[in-house]
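Below is one structure, written out as C-alpha cells; the observations come after it.
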Ligand SMILES: [Zn+2]
C-alpha cells in the first residue's frame, strides 16, 4: 500500500543528472540510490525524468466556463464581465474543479491552490463540491474561498470624483463564520485538502475582514492567500484608501507572514519588496494572466535578488486561458530577460523548476514535507517521458522541459504516494465523461453584453486617464 520503487530513473543532481532507483514506502520517499532493493511495485523509470510535483499556486477553477470568450479588457472591467456571467450551479463548479485538476496534473502540477469563487447563498456547498472534486482526482488541494466585503465598484479608484458604493450583500461577520465553518468541515491537511483564509485583496476588503482572516489563520494554523497590486488602478486605490502603499498597510495590520502567498505583485516599489523579504511572504507569479489583462510585468528578478520566495500560478482560466503550468513556468521565466540586461540575474530552467516545486512548498508552509526529492518527504512525484517527440532529440531534459513546448509528456504522477496518473492518463476519474459533461453543458458563442461594464466603463476610463 503506497509503496513502490522506481528503477533506473533520471533525477537532477547539482548541475547534472544521475540514474537512480527511488523507493517510496508508506507515501514517503524512503531511499534514493542506484540498485536499491524493490519494495512494493516495481516501476520502470528508464528514459524518464523524475521531478517533484509543481504547485499551481493561484487559480480560480470555475473560470474554466468562460475561458476563450472574455473581452480584451483590463482587470477591473474584465472582473465586471466575469461576475455578470459567473456559473451559479454547484454541478458546474464540480466539473470545472475536475477540469482544473486534470490540466494541472498533465502539465506537471501535483498541488492546486483554488482561490474559489463562491456562489452567493451556496457558499459552503461550493466549497464542499470543490473539495469533493479534488479528493476524487487525488490532487493535493488548497482551497482558498474567495471573500470580500465591499462591492465590485469599490475596487476602482475614485480620482477627482466622489463615488458611492452599494454595501456588500453579506456582512463581514457572516462571511467569517462561513470560513470558520469551512475550516471545521473541510480542512484536512493530512488527507490532502487544506482551507486557506483568502480575502480577495485590498481593493475589495475592509481591515475588519483582514483582521478576521488573520485571527482564523492564527487560531487554526491556516495559510493566508490574497491578490496583491495586480493593476495600476489598485496601486492608485491603495493610496486613496490608506495614504500609503498596499504593502505598507498589509504589514501594519499584520497580514504578511511566512505563510502568506500573494498573487500577482506587479505594482510594488523597492521599499515594498524589502517588506516582502522581511516578512518572508511569498509571491505567486501569474505571467500569462498579467499579459492577457495588460496588468504589467511583475518585477520577479528584483524579488529574487531581494530574497523573496517566488512560485508560479496559472491564475483562473478566464485570464490565461488554460491551466498549463509548464507554459506559465516558461513564460514566467523568460519574460523577465527583457526587464534586466544583466543576464546573470535571469532565471535558469533549473531555478524555474525549484521555484515551481520548493517555492510552492515554502509558500504553503510545507517545505519540510514537499517540494524536492528528499528522503523523508512526501512522494508528490511526476515522471516525464523523455522519448516524447517534444523532448527529443536528447539534450538537457530540464532545459527542454522548461524552454520547449512539451506536450503530453507527463507519464505518471503520485500524490502522497498514491498513483493518480498512469501512462499519460488520469486514472482516478473518467476524463472522457468529464469532456462529455463540459461539452453538453456549454455552447459555442461569440459576443455577450455585460451590463456592469456598461455602468462602470466611463468612470474607469476617466480615472485611468484613457
Ligand atoms: Zn486571481
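Values computed for the structure shown
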quantity	calculated
Helices (runs of 4 or more DSSP H) lying entirely in the stretch 28-144 (those with 2 or more residues that are surrounded by fewer than 24 Cβ atoms within 10 Å (Cβ to Cβ) and within 16 Å of the ligand (Cβ to nearest atom))	75-84
Residues satisfying the stated conditions in the stretch 14-27, i.e. within 30 Å of the chain's Cα centre (by Cα) and loosely packed, with under 15 Cβ neighbours inside 10 Å	14, 15, 16, 17, 26
Subset of the stretch 374-403 that is out of contact with any strand residue (DSSP E or B) (no Cβ under 8 Å at 6 or more places or on another chain) and in contact (Cβ under 8 Å) with a residue 24 or more places away in the chain - its residue that is farthest from residue 355 (Cα to Cα)	387
Residue match in the stretch 190-197 (condition: crowded, with 19+ Cβ neighbours inside 10 Å, within 16 Å of the ligand (Cβ to nearest atom) and under 22 Å from the mean Cα position of the chain (by Cα))	yes
Condition check for residue 216: in contact with a helix residue (DSSP H, G or I) (Cβ under 9 Å, 6 or more places away or on another chain) and assigned to a helix (DSSP H, G or I)	yes
Residue count, the stretch 324-359 (criterion: over 29 Å from residue 87 (Cα atoms) and within 16 Å of the ligand (Cβ to nearest atom))	1
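Taken together, the values in this text are just the output of simple stated rules run on the coordinates, not laboratory data. Keep in mind it's a predicted model, so treat the numbers as computed, not measured. All Cβ positions, glycine included, derive from the backbone under ideal geometry; neighbour counts span all protein chains shown.
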